[in-house]
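The values are calculated or read from the model by the stated rules, or taken from the named source; none is laboratory data. Here the structure is a predicted model, which is why all the values come from computation and not from measurement. Cβ placement follows ideal geometry from the backbone for every residue including glycine, while neighbour counts extend to all protein chains displayed.
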Amino acid sequence: MRKYLFLLTFLSVISLQAQEFFIISDDDGYVNIRDNDNNVIDRLSNGSPVFVLNPMNEEMWWEVEYSKAGVLFTGKVHQSRLKNIDSFEDIPVANVGNNRVLMQSNVVRINIEDARFEKAGHTFQYREGFLTHIDHSKIWGTDGNIPLKEYSAFEILINNRKIILPEKAFKYLYEPNLDYTKAYYDGKTDTLYITALNSDGAGGYVVLWLFRNGIFEDRLVTHGF
């Protein structure tokens, strides 16, 4: 019951944020990332994805999370330098079932499937009785227990061109919620964004996959709170 209530709370909070993934958009081609004392601590180029932690606030500077080489960083960006990915074309959901979601437009077709997690062939690492790593890699989506589901298929076509998604793009992302998967396409830059809100309860997380010019470029994974 506790896990179920946490899941409902997590879904409600993140849904209110409307999966607030943004990209950097500045006339200079980049923005400076600042800390709470207004010191410049990093720089991100246009098109870099970020997750806004509290987009409902009325301040001009928003706290964001972003990833470099799989490591999460936090800083502040002026909201005028951010563009919400939901401003791009929304790829409609054509069909959704127990283990499959199909999103399709005139240009983009996305089929994503999940399946039962198979323990065979994996090693499991624990800390204080809680599962933290599988195959010595950080996992997302569980509350310290063995995953029940994992992604099993990603099939993407853009203008009838098949997009190859490397295994690293969805590996160790568990407990997919296909009902909370969305996609957006920027035709001007040939950029596809796929977002998902996944959880088994306290292990909730959000993920953004970014494809540019038909090539998988990056993923951003965060707990979102």
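A few points about this structure:
- Residues located in segment 61-82, provided they are buried (at least 16 other Cβ atoms within 10 Å of the Cβ) and in contact (Cβ under 8 Å) with a residue 60 or more places away in the chain: E65, Y66, S67, L82
- Exclusive hit being of a type outside the set (V, I, T), outside the structural domain of I156 (by TED's automatic domain parsing) and farther than 30 Å from A153 by Cβ, set E59, E65: E59
- When segment 169-219 is filtered for residues that are over 17 Å from F154 (Cα atoms), in contact (Cβ under 8 Å) with a residue 12 or more places away in the chain and not β-branched (V, I, T), the ones remaining, listed by number, are D186, G187, D190, S199, D200, G201, A202, G203, G204, Y205, N213.
- Scanning segment 91-148 for residues being of a type in the set (A, V, I, L, M, F, W, C) and not in a strand (DSSP E or B) gives a total of 7.
- Subset of segment 46-60 [surrounded by fewer than 16 Cβ atoms within 10 Å (Cβ to Cβ) and not in a loop (DSSP other than H, G, I, E, B)]: none
- Pairs with Cβ under 6 Å, 6+ apart, first in segment 94-123 and under 18 Å from T181 (Cβ atoms), second in a strand (DSSP E or B) and among the small types (G, A, S): L102/A94; M103/A183; Q104/A94; I110/A183; E113/S152; E113/A153; D114/S152; A115/S152
- Residue in segment 195-217 that is in a loop (DSSP other than H, G, I, E, B), under 25 Å from N106 (Cα atoms) and not assigned by TED's automatic domain parsing to the domain that holds G70 present: yes
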